[in-house]
Amino acid sequence: MRILVSDPVSAQGVELLQKEYEVDVKIKLPIEELIKIIPQYDALVVRSETKVTKAVIEAAANLKVIGRAGVGVDNIDVEAATQKGIIVLNAPEGNTIAATEHTMAMMLALARNVPQAHASLKNGQWLRSKLMGVEMRGKTLGILGLGRIGSGVAKRALAMEMNVVAYDPFINAEQAAAIGIQLLELDEIFPLADFITLHLPFTSETKYLLNKERFAKMKPSVRIINCARGGVIHEGDLAEAIEQGIVAGAAIDVFEKEPVNPENPLLKLDQVIVTPHLGASTAEAQVGVAVDVAKGIIAALKGEPIATAVNMAPIQSHVLEVIRPYFNLAEKMGCLAINLAEGRITAVDVEYNGEISEVDTKMLTTAMIKGLLNSILTEHINYVNAPGVAKSRGIKIREVKSKETANFANLITVRVYTDKKTHVVAGTLFGHEEGRIVMIDGYRVDVEPQGWLIVGLHLDRPGMIGYVGTILGTDGININSMQVGRTEVTGTNIMVMSVDSDVPAATMLKIKAVDGILGAKMINFCVI
Ligand SMILES: NC(=O)C1=CN([C@@H]2O[C@H](COP(=O)(O)OP(=O)(O)OC[C@H]3O[C@@H](n4cnc5c(N)ncnc54)[C@H](O)[C@@H]3O)[C@@H](O)[C@H]2O)C=CC1
Ligand SMILES: O=C(O)C(=O)COP(=O)(O)O
């Protein structure tokens with residue numbers, strides 16, 4: 001597998017990738033060049049500079065994952081990636097402190113005219129009275145977006161004895177109260193705030209969130225800090241508001257177009273201080289995000305679950321810890337259940353019993369669907385596209401949960417409904433890691449889901465196993481384990497044979513033709 005790193009990321013991250021895969025680092029590629037070479041790669045690592053447009057994604061014939069060494073994924077066409085089944089993941093925690101501290105630096109520099117004082121003094125001017133500042137203590141700070149960075153800024157601002165209020169429709173009052181601040185509506189913040197700082201993602205919702213109308217509602221002494229994304233503020237409106245004295249000043253780290261056009265009106269104003277998107281630029285943050293993104297890319301290429309994928313349901317780390325050992329089992333159960341099934345599949349129920357039912361199991365259900373669909377479709381099914389493909393094929397997926405369990409501490413049961421019959425497979429973990437199938441269609445078994453299995457239904461009479469064993473032996477197929485499962489209902493048994501190699505269709509036909517064999521299926525766990 002080959003990985004392309006197209007923005008500068010720390011060497012530690014690149015080295016991690018190199019331990020497992022071939023890595024090319026090619027910085028500042030023109031987009032045409034990127035489109036030309038992207039088909040050679042299985043993974044792409046970017047920061048904010050590379051624009052991963054729809055055209056890039058369409059050309060990316062082999063791409064499985066795009067890793068963003070940082071937070072914002074607005075430079076990636078996530079929708080196009082999702083449609084193509086490409087995982088997009090980010091590294092959201094590594095640069096939080098860097099961006100938080102840069103925000104504080106920008107706020108203080110803005111309040112005390114530090115860049116203007118520095119520039120004028122280096123120019124030989126001693127401008128003490130012209131560069132009068134304002135204090136932070138006792139001032140009101142309005143934070144728009146109270147996520148990782150916004151809440152870090154809130155804590156630091158409280159330590160500086162500021163009054164802090166915030167707007168974030170996705171945070172509840174208790175979460176804000178835990179930080180020690182009050183949540184307000186957006187329009188309630190404007191007449192109160194002496195400083196407004198932005199910490200929200202750039203989306204269609206937040207585009208030009210601060211514009212002419214909103215500036216008009218603010219205190220004329222307001223100072224605005226933007227270390228989030230350029231397009232969240234209408235730059236032309238901000239420049240105008242500053243020129244007209246509606247806004248006192250601004251500290252800007254991010255621009256709608258980067259690198260910023262030297263003609264951008266904000267660059268011409270003395271009241272505006274700027275940095276060239278330096279929020280994440282600390283040695284510590286760059287190592288942090290590079291290592292995190294490398295780990296994410298490796299997990300994605302190995303088909304393992306990823307905690308920071310942005311185009312899959314996010315998994316909290318404590319949940320991931322509980323469900324991680326079950327992923328492989330869930331996938332294999334999906335594969336087994338679909339191979340047993342006959343007829344047109346209409347719905348799949350996944351039941352979780354025991355303690356596992358108490359955490360968010362959506363991702364495990366996705367793993368099951370991934371295993372199920374990968375066994376029957378030629379297109380590659382992964383965690384990103386599995387739910388969508390199931391939906392497009394009219395398969396209804398339901399989760400059922402109960403803390404109650406009979407024989408096992410935790411049990412996962414999958415029921416595959418077809419227009420002919422319902423097939424049921426149950427599995428659990430032995431110890432912490434060992435996945436076992438413990439029930440097939442009502443028959444109690446104990447099967448390790450790996451390699452190749454033959455599952456056969458047969459009449460409960462002497463010699464059946466012998467017939468099948470002879471056919472396999474004659475055809476040179478080695479059996480490595482075998483068991484027979486019974487239900488309470490007498491008359492039929494299930495035989496499950498684990499074999500060392502694929503079983504040719506001709507051998508399966510011979511097995512099915514044995515008198516007393518009611519059906520036999522070959523399951524190849526190696527395909528998923
Ligand atoms: N200047 C730089 O170098 C850096 C910039 N960033 C940017 O900072 C921003 C915040 O990053 P994090 O705090 O890590 O993200 P986060 O996801 O932890 O926080 C974002 C917050 O914005 C809120 N939000 C989303 N849509 C909203 C809306 N329409 N109105 C109000 N609130 C909304 C969310 O509820 C969330 O609490 C992102 O845009 C990120 O790209 C992050 C790191 C470095
Ligand atoms: O993480 C983010 O969202 C950032 O804005 C940092 O961008 P960068 O990696 O420095 O290009």
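The values are calculated or read from the model by the stated rules, or taken from the named source; none is laboratory data. As the structure is a computational prediction, the values presented were derived from the model and not from experiment. We place every Cβ from the backbone using ideal geometry, glycine too, and count neighbours over all the protein chains shown. Remember, those area values only see protein heavy atoms, side chains included, never the ligands or the DNA or RNA. Shrake-Rupley method; radii C 1.70, N 1.55, O 1.52, S 1.80 Å.
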Open item on the list: Among DSSP bridges having both ends in the range 316-449, what percentage is antiparallel? Round to the nearest 5.
Closed with: 75 percent
TODO: With a/c under 1.5 counting as rounded, go ahead and sort the range 133-222 into rounded, prolate or oblate using the C-alpha gyration tensor (a ≥ b ≥ c being the square roots of the eigenvalues; past the cut-off, prolate if a/b is larger than b/c, else oblate).
DONE: oblate
- [ ] Would you kindly find the accessible area of Cys526, with a 1.4 Å probe and non-protein molecules such as ligands, DNA and RNA excluded, rounding to the nearest 10 Å²?
- [x] 80 Å²
Open item on the list: Accessible area of the chain with a 1.4 Å probe: how many percent of it is carbon plus sulfur?
Closed with: 53 percent
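Name the shape class, rounded, prolate or oblate, that the alpha-carbon gyration tensor gives for the range 88-174, where a ≥ b ≥ c are the square roots of its eigenvalues, rounded holds for a/c under 1.5, and otherwise prolate holds if a/b is larger than b/c and oblate otherwise. Could the numbers behind the result be given before it?
On the way: a/c = 3.56, a/b = 1.75, b/c = 2.03.
It is oblate, given that a/c is not under 1.5 and a/b is not larger than b/c.
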Task: Kirkwood Rh in Å, taken over all unlike Cα pairs in the chain - done: 26.7 Å
Open item on the list: Students sometimes get this wrong: rank Ser357, Ser204, Ser221 by accessible area, probe 1.4 Å, all chains present, largest first.
Closed with: Ser204, Ser221, Ser357
Task: Label-to-label distance, nm, for residues given as Glu342 and Asp475 (7 Å Cα→Cβ offset) - done: 1.8 nm
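Using the beta-carbon distance between Thr422 and Glu379 and R0 = 22 Å, what value does 1/(1 + (r/R0)^6) give for FRET efficiency, to the nearest 0.05? Could the numbers behind the result be given before it?
On the way: r = 26 Å, r/R0 = 1.19.
Computed FRET efficiency for Thr422 and Glu379 comes out at 0.25.
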- [ ] Take the alpha-carbon centre of the range 344-406, take the same for the range 22-78, and report the distance between them in whole Å.
- [x] 30 Å
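Could you rank Ile179, Ile27, Ile66 by how accessible they are, 1.4 Å probe, largest area first? Don't skip to the end; give the middle numbers.
Values: Ile179 40, Ile27 70, Ile66 0 Å².
Sorted by accessible area, descending: Ile27, Ile179, Ile66.
Which of rounded, prolate, oblate describes the range 392-514, given a ≥ b ≥ c as roots of the alpha-carbon gyration tensor eigenvalues and a/c under 1.5 marking rounded, otherwise prolate only if a/b is larger than b/c?
On the way: a/c = 1.73, a/b = 1.59, b/c = 1.09.
Judged from the Cα gyration tensor, the range 392-514 comes out prolate (a/c at least 1.5, a/b above b/c).
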TODO: Could you list the GluC sites (Glu not before Pro) in the range 230-298 that lie in coil according to DSSP, counting only those with at most 14 other Cβ atoms within 10 Å of their Cβ?
DONE: Glu263
Open item on the list: What do you get for trypsin sites (Lys or Arg not before Pro) in the range 108-170 restricted to DSSP loop and a cutoff of at most 13 other Cβ within 10 Å of the site's Cβ?
Closed with: Arg128, Lys130, Arg137
TODO: At a Cα cut-off below 19 Å, give the lysines reachable from Lys36, other chains included and same-chain residues fewer than 8 away excluded.
DONE: Lys26, Lys28, Lys51, Lys54, Lys64, Lys84
Open item on the list: Suppose the chain between Ala11 and Ala177 were pulled fully straight at 0.36 nm per residue; how much longer would it get relative to their current alpha carbon spacing?
Closed with: 55.7 nm
TODO: Please work out the average accessible area per residue across the range 316-449, using the 1.4 Å probe convention, and give it in Å².
DONE: 45 Å²
- [ ] Whole number in Å², please: accessible area per residue of the range 1-156, 1.4 Å probe, ligands, DNA and RNA not counted.
- [x] 47 Å²
TODO: Roll a 1.4 Å probe over the protein heavy atoms and report the accessible area of Thr378 in Å², nearest 10.
DONE: 150 Å²
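Fully extended, how many nm does the chain gain between Ser317 and Asp500 (0.36 nm per residue separation, minus their Cα-Cα distance)? The partial results should precede the final answer.
On the way: separation 183, 0.36 × 183 = 65.88 nm, distance 3.73 nm.
This chain segment gains 62.2 nm when fully extended.
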TODO: Under a cut-off of 19 Å between alpha-carbon atoms, report the lysines in cross-link reach of Lys403, not counting same-chain residues fewer than 8 places apart.
DONE: Lys362
TODO: Would you mind estimating how fast the range 96-274 diffuses translationally, via Stokes-Einstein at 20 °C and 1.002 mPa s with the Kirkwood radius over Cα pairs, in µm²/s?
DONE: 131 µm²/s
Task: Beta bridge orientation in the chain: antiparallel %, DSSP, nearest 5 - done: 50 percent
Open item on the list: What figure, in Å² to the nearest 10, do you get for the accessible area of His318 with a 1.4 Å probe and non-protein molecules left out?
Closed with: 110 Å²
- [ ] Name all residues of the range 199-241 having a backbone nitrogen under 15 Å from the label point set 7 Å from the Cα of Glu263 along its Cα→Cβ direction, giving them as ranges.
- [x] 236
- [ ] Output ³J(HN,Hα) for the range 219-233: one whole-Hz value per residue in order, computed from phi by the Karplus curve 6.51 cos²θ - 1.76 cosθ + 1.60 with θ = phi - 60°, and x for Gly and Pro.
- [x] 5, x, 8, 5, 10, 10, 10, 10, 10, 9, 8, x, x, 6, 10
- [ ] Scan around Gly70 for amide H atoms under 5 Å from its own, H built in the peptide plane at 1.01 Å from N, and keep only partners 5 or more places away or cross-chain.
- [x] Ala91
Open item on the list: With a 1.4 Å probe and all protein chains kept in place, how do Asp187, Asp441 rank by accessible area, largest first?
Closed with: Asp187, Asp441
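Any chance you could run the full-extension gain for Thr203 through Asp187? It's 0.36 nm times the residue separation minus the Cα-Cα distance, nm to one decimal.
Value of the extension gain: 3.8 nm.
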TODO: Round to the nearest 10 and give me the degree value, 0 to 90, for the angle of helix 283-301's Cα axis relative to the longest principal axis of the chain.
DONE: 20 degrees
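Between Met482 and Thr405, take the C-beta separation as r, use R0 = 35 Å, and let me know the FRET efficiency to the nearest 0.05. Can you show the working numbers first?
Working: r = 28 Å, r/R0 = 0.80.
Using R0 = 35 Å, I get an efficiency of 0.80.
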TODO: Over the alpha-carbon set of the range 316-449, work out the extent along each principal axis and list the three values in angstrom, largest first.
DONE: 35, 34, 24
Open item on the list: Loop-only trypsin sites (Lys or Arg not before Pro) in the range 1-37, please: DSSP not H, G, I, E or B, and at most 15 other Cβ atoms within 10 Å.
Closed with: Lys26, Lys28
